[in-house]
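Contents: one structure, followed by commentary.
The values are calculated or read from the model by the stated rules, or taken from the named source; none is laboratory data. Note that the structure is predicted; figures quoted are calculated from it, not measured. In this analysis, Cβ positions are derived from the backbone assuming ideal geometry, glycine residues included, and neighbour counts consider all displayed protein chains.
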Amino acid sequence: MGQGSQMDRSTDKSLIKLLLFVFLLRLLLSFLPSFEVDMSAWLAWAARLKTLGPAHFYSETVWTQYTPGFLYWLWFLAKLNLATEFWIKLTVIAADIFTGLLIWQITKKKSFFIFYVLNPAIVFVGSIWGQIDGILTLFLLLAVYFLVLRKQAVLAFCFWAVAFLIKPQAIAVLPFLIFFAFRKFPWRRAFSAGLSGVLTLSLGSILFFPKENLWGLFKLVRQMGEYYGYTSVFAFNFWSIIGMWKPDSISIWGLPYFYWGLILYLLALGLIFIVFRNRIGQKTNIFLFTALLAFAFFLFPTRVHERYLFPALAFLLAAGRRKLYFLASLLFLVNLYHPYAHYSDNFLSVPSLLRLSGQLAPVMAVGFLLIFWRVLNVKK
């Protein structure tokens, strides 16, 4: 009994030391230059929320095209006079650590926690860039975890709704949640879970859209999508082979690029569901399924940003596909560097590396497509 207690205390100390090391290292890296365009927006929005409040935040004359999820946190920080670059990055670091711990819980492998939280691509987005894709990914992973492993459908859809409020690209994982809920739960329970997600979206929108509520949220998301009407917004995906930043209103065979992207995306979804329809019982296949959905959302539609691939990494690692995770992370890091260096004027922005990363875009795109195909053909 005494020996067991000593072992438990030793394990606890080891975990605390590991978490402290990761936290301090990530915190140290957070002092590297942020992506100024995004960080300036966070700080300006925090100040606007402190002054005007959520109900008067959105404007036709000031660029405020962002869903309410993270804006609540910016408002909270501003009220405490903590809306600074340090606290914004600290929030994302904490989210990455919790995601790493959840991957550890899913896989039962401590090394996977380290692989995630110290992944250079993950670190670059959260600790350096200062973007919040790590927070989105945490809530998406929680949604899948609670639906599949904890059998708590209502909570799962609530987590997904929070993810959507943070970033609308959470829609990429929704087809799996709906498919799994109606296949594995009684239809009334699945319907109730879906309703809880809608209710969460409504409650999360009400302070920002007190009159229009969900309709206001829908209009905002549509407006956000239309703002970037291009083939690829620095994403090294299928459309980067044709050329990034080309208007997706350009037609080929009488059909605009936008609709070709939608067709390719829907075909990819259909292929994923056909391949995995009878493999949904295994835990690793479930996380491969969701990784593929995130990959498809990054690869095939137009109007995609480079960071849309971020959640796929967490799902790949949760599925235990370490080699594919490392390869995707490497390609992703090159993709991330390109827009960062393009818009930044600091010592991390090296002109020769910027040119090289741009020249490599079609090669990276082919690499991502091959990874997608490899994941799709992983054996049971």
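Numbers for the structure displayed
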item: Scan of the stretch 92-128 for residues that are among the aromatic types (Phe, Trp, Tyr) and surrounded by fewer than 24 Cβ atoms within 10 Å (Cβ to Cβ), ordered by number; result: Phe98, Trp104, Phe112, Phe113, Phe115, Phe124
item: Yes/no for Val92 being more than 26 Å from Ile16 (Cα to Cα), β-branched (Val, Ile, Thr) and at pLDDT 95 or above; result: no
item: Test: residue in the stretch 364-374 that is of a type in the set (Lys, Arg) and either surrounded by 13 or more Cβ atoms within 10 Å (Cβ to Cβ) or not in a helix (DSSP H, G or I) (or both); result: yes
item: Some residue of the stretch 28-48 being outside any helix (DSSP H, G or I), hydroxyl-bearing (Ser, Thr, Tyr) and free of Cβ contacts under 8 Å to residues at least 60 places away in the same chain; result: no
item: Subset of the stretch 131-156 [assigned to a loop (DSSP other than H, G, I, E, B) and buried (at least 22 other Cβ atoms within 10 Å of the Cβ)]; result: Gln131, Ile132
item: Test result for Ser357, part of a helix (DSSP H, G or I), over 30 Å from Val375 (Cα atoms), assigned by TED's automatic domain parsing to the domain that holds Gly243 and of a type in the set (Ser, Thr, Tyr); result: no
item: Selection count, the stretch 185-210, where residues are touching a residue at least 60 places away in the same chain (Cβ under 8 Å) and assigned to a helix (DSSP H, G or I); result: 2
item: Condition met for Phe276 (more than 20 Å from Pro168 (Cβ to Cβ) and either in contact (Cβ under 8 Å) with a residue 40 or more places away in the chain or aromatic (Phe, Trp, Tyr) (or both)); result: yes
item: Cβ-Cβ under 6 Å pairs, at least 6 apart or on other chains, the stretch 340-353 side touching a residue at least 24 places away in the same chain (Cβ under 8 Å), far side of a type in the set (A, V, I, L, M, F, W, C) and loosely packed, with under 14 Cβ neighbours inside 10 Å; result: Tyr343/Val37
item: Candidate set from the stretch 305-343 (those that are outside any helix (DSSP H, G or I) and not charged (D, E, K, R)); member that is surrounded by the most Cβ atoms within 10 Å (Cβ to Cβ); result: Ala319
item: Test: residue in the stretch 82-92 that is assigned by TED's automatic domain parsing to the domain that holds Leu136, outside any helix (DSSP H, G or I), within 21 Å of Met224 (Cβ to Cβ) and not hydroxyl-bearing (Ser, Thr, Tyr); result: no
